[in-house]
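Here is the structure we will look at, set down as structure tokens.
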Amino acid sequence: MGKRVLVIEDEANISEAIRFILSRDGWEVEIHPDGTDAASVVTACPPSLVILDVMLPGRSGFDILRSLREAEPTRAVPVLMLTAKGQAADRELAARFGATRFMTKPFANADLLAAVRDLAVT
Amino acid sequence: MSVNLLVIACLAYVVFLFLVAFAVERQAERGRVRWLRSSLIYTLSLSVYCTAWTFYGAVGYAARSGLEFVTIYLGPTLVFVGWWLMLRKLVRIGKQQRVTSIADMISARYGKSNLIGVLVTLLCIVAATPYIALQLQSIALSFAAFTSELNGDGLSDRQDFFALWVAAGLALFTILFGTRNLDANEQHPGVVTAIAVEAVVKLLALIAVGVFVVWVVADGPGDILTRIDAAARPEWAIQPGRWIGLVFLAGVAIICLPRMFQVTVVENADERHLATASWAFPLYLFAISLFVLPIAVVGLELMPSGSNPDLFVLTLPLTLGQDGLAMLAFLGGFSAATSMVIVATIALATMVSNHLMVPLWLHFKKGPAGRRGDMRGLVLNSRRLAICLLLGLGYVYYAVTGGSAALAAIGLIAFVGVAQMLPALVGALFWRGANRIGAAIGLGAGFLIWLYALFLPSFGPGVFLSAQVMAEGPFGIGWLRPYALFGVTTLDPLLHALFWSLTLNTVAFVTGSLLGFPTPIERVQGAQFVNAFDIQAGARGWSQSAAEAEDLLAMAQRILGTAETQRFFQAHAAAQGKAGFLPDTTPQFLDAVERKLAGSVGAATAHAMIEQIVGRAIVSVEDLMAVASETAQIMEYSNQLEGKSAELERTARQLREANDMLTKLSVQKDAFLSQISHELRTPMTSIRAFSEILMDAEGMPPEDQVKYARIIHDETIRLTRLLDDLLDLSVLENGQVNLDIQEARLSDLIDRAILASNSVQPQRKFRIQRDSAAEQVKVETDTGRLSQVFINVLSNARKYCDADAPVMEISVARNEDMIEVDFADNGSGIPFEKQALIFEKFARLTDQMQAGGAGLGLAICREIMINLGGSIAYVPGQGGAVFRVSFPQVLARTEPDQGPVSERSAAE
């Protein structure tokens, strides 16, 4: 499988920062900025970890998460929800849909890295 | 004391009464009647109940039967104390129906039937004539007693002569003040006030004699009580059955006596007076009866045996040499007698005229009455004639039978006679099922039994009924003996007659009512009477008809007089919105005319007269509809309830809407805050991440460091812009904008906006079509703000227009003082369901990547345009997205917090 992390995030600056942080730690980072076909990208080649935004163009992050959990090939793929929506309701929704972990923006780079190391199935 | 002095005193007193009545009538004509129509005058006028019978006869009654005379006051006292039950309703209906007499009231209730009116009138005449005779007799007797020419009961020619003069004088007084004019309300303030004065005189006289007897002749109350005990006789013992009967009889009489009805109901000026009278009148009765027994007892002691106890009030002071007191007593008795005669005559004359004379005249004069001739003259003259006839009848009765019966007996016989009206009257007020058939049969039966069992026998055997009939019954039928009907022999004649006449009367009345079928008018009137307290509007007895208003006017003029009628017609025409004197003959108007006429000639006659003009049977669909007046009232009430319920529902809906709106606003506010939070966190995330990266930048190439620092810089600007937008929006929404109004050419503004918007996705090439000629217009507005709107619209097009070869067409049009600038692209436009959303805050339709803004742009545009006195709108159905920005060419310079605010609120 390798150490591949798929970042589904529409904000270019944020995904650029994540790429920098993870690459420096030796992760292979792939960025996908659109929600519409995000699920199929994951299915096509399941990564060690998915970092998933919620507010995405085309399709909500929660929606993508649910379809990932419903499909057999992606059911076990760890998903780190990373969102600027930090309310309790969002956190609950993420847990219900099967998010492996939930982090709010802005985040500390070290926390993000620790989470990726912790969650990624390698 | 000389006869002349007595006659002079009498004349002086009468002249005084004339002056009082005359002065009051004058005041009344000038409209100054307020104090005259007070509850005091009303209560005093009720004392017309206390006639010469009370004044003289009560003492005689006490001398013969002890305390029993009190029953005559107890009955009225109970009725007045319980005024709420019956009197109040009588007075209310009397006013509603403009009743002129008791006959009028009963006939009005029973379908305005004149048959009933005639029956009641006849009954009252028969009952009242001996009563009037009694008053004349009492005056003659007192005159005789005074002049010491009397021994025993014999009457000389001189007294008859005096009685005749008195009758003539009373007729004159009654005609003068009782038939002065045909008053719409049939009220006689002059007469009533004179009666009130007489009430005071008779009360003072009786109390004066009483005080004299108790404190001068005897040694005070204690002594009097001892004397009463000593004088008690076996026949003074109280007989409970008789007491109950007499109390009941007197109570009925105070309601049914025509003269009492006249003063209680017809002359009543204000219903509230009745409330006062309910305690004041019993008080008067108490005062006037207080000294009756002492005078009787002392009279029995001091006067020679065989003296007429009926005259003790007069003879006692005379015998004791108190001439002044005797004169006062004489005037008191004179007052009592004359007041009764005057009021009774007025009441009876009204009845005779309204129910006998005028109907006869109408009957014999077929067809609509001619237009000429004043019928007021006819009515008034018929009343004058009736007054003379009644007093004449009374005098003849006195002359023929004078002195034959004790005073009290005649009074009680008359009471039983008028009591025959009770079932019909009570039925009228409380039983809607009562009808004219029942009333007629009941009245007839009661009348006949009264005549047969009490009135005719009272003349003594051999006058009307032979001694044989009295003793053995007609044709020897024992159970038909006048004093022992159906074999009942245990009651005395008075109670016997009262019992049988009222029982059979009531049975006949109820049976007739149950078997008979009420006419529509009866039903209408029944509902009006029984529900008198619930009724607001008048009856609707008349249906739309061909009645000519002009004929009505002509007829009414003859009853009411020209000026009064024209005023009345004009007022009604005006109320209908018509000029002139002729209103439409609506049912309401006909009803009003009928009521007006009824005030002068009685309900039955008024109805007949209108009928003549309308010229057809009055029972119609509308009448039948009116029958359901009670139902209609209930329906109206129900409608009101429904209306109220609808109103409540409306209020509830408004509240619900307000609540929904608040909920929505609250949700919007939460969403807004959540959006702001998100919009702030996003740039902050980049800033934090890159700043942390730069903090640990060992070995990082300098160009990367610069690159990341630039990201931080850009995101900070983005944050600032977001905050600026929020503040801007807040200021715009609160209308606290300081507009910087400048003059500019529209084309220049658009040029600038295109240039500025080019920085958005500069890689996209837009073809822009413009109408240069139309853009050459000078505008005077906040050009900076307007440009901001243009830039926003153009930038949006650059972001969202999905055409492969995007085209932006800018067109300018003028609509009066407004400039309309349309920005149309050739994309796929905005879906219908989202068009309403685009101007809301954070209503970004697509994604952030494309938009790049926080989603406040159009919301800000909308607020700016409102502040500029214009608007921005999405124009649907044009293919691509079309935004129309319209604004006044010249924006008036106003205080910053005025114009824009009001326009803003108007726009929302």
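The values are calculated or read from the model by the stated rules, or taken from the named source; none is laboratory data. Only a predicted model underlies this, so the values are computations on that prediction, with no experimental measurement involved. Because the Cβ atoms are built from the backbone with ideal geometry, glycine has one as well, and the counts that use them run over all protein chains shown. Accessible surface is based on the protein model in full, side chains and every heavy atom, while ligands, DNA and RNA are left aside. Shrake-Rupley method; radii C 1.70, N 1.55, O 1.52, S 1.80 Å.
So here's what we get for this one:
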read-out: Gain on full stretching of the segment that runs from B:F832 to B:L456 - 0.36 nm per residue minus C-alpha separation; value: 125.1 nm
read-out: Mean shadow area of segment B:666-818 over all directions, Cα convex hull, nm²; value: 13.7 nm²
read-out: Cleavage-rule hits (chymotrypsin sites (Phe, Trp or Tyr not before Pro)) in segment A:1-68: DSSP loop, at most 11 neighbouring Cβ within 10 angstrom; value: none
read-out: Efficiency of FRET between B:N639 and B:V507 - r from beta-carbon atoms, R0 45 angstrom, step 0.05; value: 0.60
read-out: Net charge of neighbours whose Cβ lies under 9 Å from the Cβ of A:T83, counting Lys and Arg as +1 and Asp and Glu as -1; value: +1
read-out: Global geometry of chain A, whether rounded, prolate or oblate, following the gyration tensor of its Cα atoms and the 1.5 cut on a/c; value: rounded
read-out: Karplus-derived HN-Hα couplings along segment A:59-68 (A = 6.51, B = -1.76, C = 1.60, θ = phi - 60°), whole Hz, x at Gly and Pro; value: 8, 6, x, 4, 4, 4, 4, 4, 5, 5
read-out: Shape of segment A:66-122, Cα gyration tensor, a/c cut at 1.5; value: oblate
read-out: Farthest positive-ward along the protein assembly as shown dipole, Cα basis, beta-carbon charges - from B:Q468, A:V121, A:A110; value: B:Q468
read-out: Partner chain coverage, peptide B:701-711 - average Cβ within 10 angstrom; value: 1
read-out: Within-14-Å neighbourhood charge of B:I750 [Cβ basis; K, R +1; D, E -1]; value: -3
read-out: Under the Karplus curve 6.51 cos²θ - 1.76 cosθ + 1.60, θ = phi - 60°, whole-Hz ³J(HN,Hα) for segment B:661-666, x wherever Gly or Pro sits; value: 4, 5, 4, 4, 4, 5
read-out: Förster radius 56 Å - calculated FRET efficiency between B:V667 and B:F430, Cβ distance, rounded to 0.05; value: 0.30
read-out: Other protein chain Cβ atoms within 10 Å, averaged over every residue that makes up A:100-106; value: 3
read-out: Fully extended contour minus Cα-Cα distance, from B:A646 to B:V7, at 0.36 nm per residue; value: 222.3 nm
read-out: Local net charge near B:D670, Cβ-Cβ under 13 Å (Lys/Arg +1, Asp/Glu -1); value: +4
read-out: Candidate lysines for bridging to B:K841, where Cα separation is under 26 Å - those fewer than 8 sequence places away on the same chain excluded; value: A:K85, A:K105, B:K664, B:K669, B:K799
read-out: Heavy-atom SASA rank of B:K778, B:K578, A:K105 (probe 1.4 Å, accessible area, largest first); value: B:K778, B:K578, A:K105
read-out: Percent RCO, i.e. relative contact order, over segment B:650-726, from Cα pairs under 8 Å lying at least 6 residues apart; value: 34 percent
read-out: Bridge type composition, the protein assembly as shown - antiparallel percent by DSSP, nearest 5; value: 55 percent
read-out: Residue of A:A94, A:A76, A:A108 that the Gaussian network model of chain A assigns the largest fluctuation, springs spanning Cα pairs under 10 Å; value: A:A108
read-out: Restricting segment B:641-718 to GluC sites (Glu not before Pro) in coil, as DSSP defines it, with at most 14 other Cβ within 10 Å; value: B:E698
read-out: Charge dipole of the protein assembly as shown about the Cα centre (unit charges at C-beta), most positive-ward option of B:V793, B:F143, B:V214; value: B:F143
read-out: Residue-averaged beta-carbon neighbours from other chains (10 angstrom radius) around A:12-21; value: 6
read-out: Projected area, mean over directions - segment B:650-726, Cα convex hull, nm²; value: 6.0 nm²
read-out: Alpha carbon Rg of the protein assembly as shown, scaled by the compact-globule rule 2.2 N^0.38 Å; value: 1.73
read-out: 3J(HN,Hα) from dihedral phi, segment B:198-209, Karplus parametrisation 6.51/-1.76/1.60, rounded to Hz, x for glycine, proline; value: 4, 4, 5, 4, 5, 5, 4, 4, 5, 5, 4, 4
read-out: Per-pair calculated FRET efficiency, R0 = 51 Å: B:A563 and B:I207 via Cβ, rounded to 0.05; value: 0.60
